[in-house]
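Trainee: I'd like to ask you about the structure that follows.
The values are calculated or read from the model by the stated rules, or taken from the named source; none is laboratory data. These numbers come from a predicted model, not from an experiment. Don't worry about glycine lacking a Cβ; one is built from the backbone with ideal geometry, like all the others, and counts go over all protein chains shown.
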Amino acid sequence: MSSRRHWVWTAVSGALGVMILVSCRTQPKPPTTVTVTRIVVETAVPQTILVAATDEPDEVVTVEPPASKNLVICTTQEPITLYPYGSTLAVETAVLHAIYENDYTTLTYDLQPQGLAAIPSLAGDDAEWRPVTVLTGDIIVDAAGSVTTLNKGVKLIAASGEEITFDGSPATMNQLAVTFTMQPRVWSDGQPVTAADSVYSFQLDADPDTPTSKFITSRTASYEAVGERSVQWVGLPGFHDVDYATRFWRPLPRHLWSQFSPTELLTEPISSREPVGDGPFVLTEWAPGSHIRLEPNWLYYRADEGLPRLDSVLFRFYAENDQLIEDLLAGRCDLVPPEELNMSQIPLLLAAERNGLIRPYFQTGAVYEHIDFGINSWGYYGDGDGRPDWFEDVRVRQAIAMCTDRQGMIDEILYGRSHLNHSYIPTNHPLYPNDLTEWPYDVQAANALLDETGYLDNNNDGIREDPVSGLPFRVTLGAGDNKMQQRIAQYLQSNLRDCGIEANPAFLTTEDWYADGPDGPLFGRRFDLGEFAWIAGRDPACFLYASWEITGPADEKNRAIGQPYGGWDAANETGWYDPAYDVACRTARQSLPGQPAYAASHQEAQRIYARNLPSIPLFPRLKVAAAHPSVRNLQLDPTQPSALWNLYEIDIER
């Protein structure tokens with residue numbers, strides 16, 4: 001029974017409990033039998049019963065049944081399994097959000113507690129990066145980040161932060177210890193959720209028969225209950241884990257599952273088809289090829305807050321994607337999630353919105369587009385040997401940034417629904433600096449800056465010339481076979497003409513464009529301008545432009561900076577390097593969230609990047625969903641993969 005409905009319980013003949021609406025009396029009178037209209041939760045049809053009341057009622061009230069709140073989600077995906085350590089389809093994640101409580105979630109590049117009482121931090125008293133003594137034979141994480149047995153000759157990071165070679169005598173390393181405490185929660189069968197359920201989940205994840213990555217479990221020294229609802233995770237010495245605040249394992253119902261082996265749990269109905277959870281909903285029906293039905297879990301620990309707000313959730317499975325939009329427009333569907341929609345459908349969604357049929361939802365994601373400069377090229381491709389060194393002068397890069405109408409790209413390609421990036425993280429990231437240099441679209445200033453560098457149009461043909469060789473400023477603009485990226489390249493081609501630069505698009509297959517060097521033109525550092533996408537995360541990826549990540553043969557030394565190349569699978573294909581940037585990035589990466597140097601150094605690295613522009617950040621890609629106008633509280637988020645992460649508070653107002 002929903003706590004959202006405020007009914008008064010009484011008794012009929014001393015035995016039958018029913019819900020009735022009664023009027024207030026100033027004085028009690030002898031009881032007699034009268035007829036009162038009432039509603040039973042289980043039916044939408046008003047019913048009449050006999051109850052004890054007064055012989056002269058103030059009024060007889062008819063209560064109409066509330067409109068049903070049944071959410072229909074249309075998708076072409078059907079879960080393979082609902083075992084949390086099974087498959088990872090988007091629809092499975094969505095259903096698991098309903099059945100199991102979210103312990104934490106990541107909203108706008110920051111962690112938020114939900115089923116946990118708090119997010120641990122080194123700035124508080126629930127996490128520590130503590131010194132420990134290590135001896136020969138101990139299992140540690142070495143300086144290269146690999147799990148190893150400590151013996152003479154092993155290189156490790158000492159507690160001081162220095163890299164040392166172990167000589168057999170006791171050494172001091174740092175070790176993370178993090179404590180997590182759960183909110184009081186109950187399984188949908190009435191059993192309490194305990195710390196032991198989380199420890200059991202960790203043991204399943206670590207088991208070799210469970211098909212999950214063992215990267216974290218193999219770097220875990222211990223995971224133990226330290227209270228009825230608290231656990232402590234301890235990493236191996238030397239495991240520098242920037243995501244330490246997420247090392248909590250979702251509790252699983254040990255009292256029901258422990259009778260089965262990890263292999264059996266992959267297919268047992270109790271874990272894969274009919275799971276008992278602690279989330280806002282329970283699974284009541286799974287008709288293969290048709291639908292999954294969920295209904296409220298009345299034992300949900302937040303039920304007294306009126307959660308969940310829906311009466312039921314139906315995942316309806318479709319064979320064809322086109323049918324989803326048709327049924328949404330016809331009112332047979334309430335929500336189509338982002339994984340089912342693409343950019344080509346945006347005009348249809350906007351037209352339907354204008355007619356009041358649906359409401360489209362747009363949210364920027366973590367994937368962002370950017371244009372990189374081939375600053376220091378490989379081999380005989382450029383840098384004055386084969387072509388002019390167009391982009392070594394930072395003023396040229398700054399001018400091209402000001403000549404690029406990035407907002408125009410957003411308006412034309414993304415219907416104005418994204419926003420400008422000025423760094424390798426977006427402006428809504430918690431670590432984005434308030435004082436970052438942001439380059440405006442200013443063609444006049446761009447041309448003045450190019451004039452200052454000596455790149456002039458001496459023959460008045462509209463193309464500038466290199467002041468040394470006299471060659472026209474004519475470059476290639478590479479991209480893969482992604483249609484949006486090709487449109488970006490064509491838009492930039494038009495922009496650069498306004499600044500006397502001819503950029504000729506060169507589109508390759510995805511396989512060829514992103515191939516490792518030396519064969520691939522992008523990561524082989526044999527390109528002029530290159531358009532592609534990176535992913536921004538909670539931990540800013542400053543290493544993308546660090547000198548130790550410059551692509552090239554790992555067994556050769558980059559003579560310009562006196563250190564080996566990062567290998568052909570490294571990330572910095574621009575070849576750009578800056579000593580101050582390296583210091584800031586390295587300091588940030590040697591720190592952890594919650595330590596002062598972490599935020600300060602990440603922000604300093606961005607300031608250097610934004611002034612020097614080894615690349616031009618453009619804009620994040622979009623997530624797109626569509627829903628009936630009656631749907632409330634649907635919240636797409638940049639860093640939350642599922643649109644249904646908050647299914648517990650999604651509502652319908654018919």
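Trainee: Kindly evaluate GLU369 against the criterion of being under 30 Å from ASP528 (Cα atoms), assigned to a helix (DSSP H, G or I), modelled with pLDDT of 95 or more and acidic (Asp, Glu).
Mentor: Working: under 30 Å from ASP528 (Cα atoms): yes; assigned to a helix (DSSP H, G or I): no; modelled with pLDDT of 95 or more: yes; acidic (Asp, Glu): yes.
Judged against the criteria, GLU369 is not a match.
Trainee: Is it the case that some residue within region 213-236 is crowded, with 16+ Cβ neighbours inside 10 Å and in a helix (DSSP H, G or I)?
Mentor: Looking through region 213-236, at least one residue is crowded, with 16+ Cβ neighbours inside 10 Å and in a helix (DSSP H, G or I).
Trainee: So, of the residues in region 274-292 that are outside any strand (DSSP E or B) and buried (at least 24 other Cβ atoms within 10 Å of the Cβ), which turns out to be modelled with the lowest pLDDT?
Mentor: To start, the set of residues in region 274-292 that are outside any strand (DSSP E or B) comprises 274-280, 288-290.
From the residues that got through so far, the ones that are buried (at least 24 other Cβ atoms within 10 Å of the Cβ) too are 275, 277-280.
On the way: PRO275: 95, GLY277: 98, ASP278: 98, GLY279: 98, PRO280: 98.
Ranking the qualifying residues of region 274-292, first place goes to PRO275.
Trainee: Filter region 88-111 for residues that are touching a Leu at 6+ places or on another chain (Cβ under 7 Å) and part of a loop (DSSP other than H, G, I, E, B) and give the result.
Mentor: At the first step, the residues of region 88-111 found to be touching a Leu at 6+ places or on another chain (Cβ under 7 Å) are 92, 94-99, 103-104.
The answer is ASP103, and nothing else.
Trainee: Taking the condition touching a Pro at 6+ places or on another chain (Cβ under 8 Å), at pLDDT 95 or above, surrounded by fewer than 18 Cβ atoms within 10 Å (Cβ to Cβ) and acidic (Asp, Glu), does ASP167 pass?
Mentor: Values: touching a Pro at 6+ places or on another chain (Cβ under 8 Å): no; at pLDDT 95 or above: yes; surrounded by fewer than 18 Cβ atoms within 10 Å (Cβ to Cβ): yes; acidic (Asp, Glu): yes.
Considered against the rule, which asks whether it is touching a Pro at 6+ places or on another chain (Cβ under 8 Å), at pLDDT 95 or above, surrounded by fewer than 18 Cβ atoms within 10 Å (Cβ to Cβ) and acidic (Asp, Glu), ASP167 comes out as no.
Trainee: How many of the residues in region 177-209 are buried (at least 21 other Cβ atoms within 10 Å of the Cβ) and under 24 Å from the mean Cα position of the chain (by Cα)?
Mentor: Residues that pass the stated criteria total 7.
Trainee: Here's something else I'd like to know. Can you tell me which residue within region 464-481, out of those that are in contact (Cβ under 8 Å) with a residue 24 or more places away in the chain, assigned to a loop (DSSP other than H, G, I, E, B) and in contact with a helix residue (DSSP H, G or I) (Cβ under 9 Å, 6 or more places away or on another chain), is surrounded by the fewest Cβ atoms within 10 Å (Cβ to Cβ)? Step through it out loud before you land on a result.
Mentor: Pass one, region 464-481, residues in contact (Cβ under 8 Å) with a residue 24 or more places away in the chain: 464, 466, 468-469, 471-481.
Within this subset, residues satisfying the condition of being assigned to a loop (DSSP other than H, G, I, E, B) are 464, 466, 468-469, 471, 473, 480-481.
Narrowing further to those that are in contact with a helix residue (DSSP H, G or I) (Cβ under 9 Å, 6 or more places away or on another chain): 464, 473, 480-481.
Numbers: ARG464: 22, PHE473: 21, GLY480: 21, ASP481: 13.
Among those residues, the one meeting the criterion is ASP481.
Trainee: Hey, another quick one. For region 549-590, how many residues are surrounded by fewer than 18 Cβ atoms within 10 Å (Cβ to Cβ), among the charged types (D, E, K, R) and in contact with a strand residue (DSSP E or B) (Cβ under 6 Å, 6 or more places away or on another chain)?
Mentor: So the count comes out to 1.
Conditions tested, residue by residue: (1) under 25 Å from TYR514 (Cβ atoms); (2) under 27 Å from the mean Cα position of the chain (by Cα).
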{"residue": "GLY537", "(1), (2)": "yes, yes"}
{"residue": "LEU544", "(1), (2)": "yes, yes"}
{"residue": "ASN572", "(1), (2)": "yes, yes"}
{"residue": "TYR577", "(1), (2)": "yes, no"}
{"residue": "ALA599", "(1), (2)": "no, yes"}
{"residue": "ALA625", "(1), (2)": "no, yes"}
{"residue": "SER630", "(1), (2)": "no, yes"}
{"residue": "ASN633", "(1), (2)": "no, yes"}
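Trainee: One residue is enough: does region 143-152 have a residue meeting the conditions hydrophobic (A, V, I, L, M, F, W, C), closer than 30 Å to PRO280 by Cβ, in contact with a strand residue (DSSP E or B) (Cβ under 7 Å, 6 or more places away or on another chain) and assigned by TED's automatic domain parsing to the domain that holds GLN232? Talk me through it step by step, then tell me what you get.
Mentor: Step one: list which residues in region 143-152 are hydrophobic (A, V, I, L, M, F, W, C), which gives 143-144, 147, 150.
Now drop any that are not closer than 30 Å to PRO280 by Cβ, which leaves none.
Within region 143-152 (the criterion being hydrophobic (A, V, I, L, M, F, W, C), closer than 30 Å to PRO280 by Cβ, in contact with a strand residue (DSSP E or B) (Cβ under 7 Å, 6 or more places away or on another chain) and assigned by TED's automatic domain parsing to the domain that holds GLN232), the answer is no, since none of the residues qualifies.
Conditions tested, residue by residue: (1) touching a residue at least 12 places away in the same chain (Cβ under 8 Å); (2) outside any strand (DSSP E or B); (3) outside the structural domain of PHE248 (by TED's automatic domain parsing).
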residue: THR133; (1), (2), (3): yes, no, no
residue: ILE164; (1), (2), (3): no, no, no
residue: ASP167; (1), (2), (3): yes, yes, no
residue: VAL178; (1), (2), (3): yes, no, no
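Trainee: State all residues of region 388-436 that are small (Gly, Ala, Ser), buried (at least 21 other Cβ atoms within 10 Å of the Cβ) and either outside the structural domain of PRO472 (by TED's automatic domain parsing) or not in a loop (DSSP other than H, G, I, E, B) (or both); if no residue qualifies, say none.
Mentor: Pass one, region 388-436, residues small (Gly, Ala, Ser): 399, 401, 408, 416, 418, 423.
Filter again for buried (at least 21 other Cβ atoms within 10 Å of the Cβ), leaving 399, 401, 418, 423.
Selection gives ALA399, ALA401.
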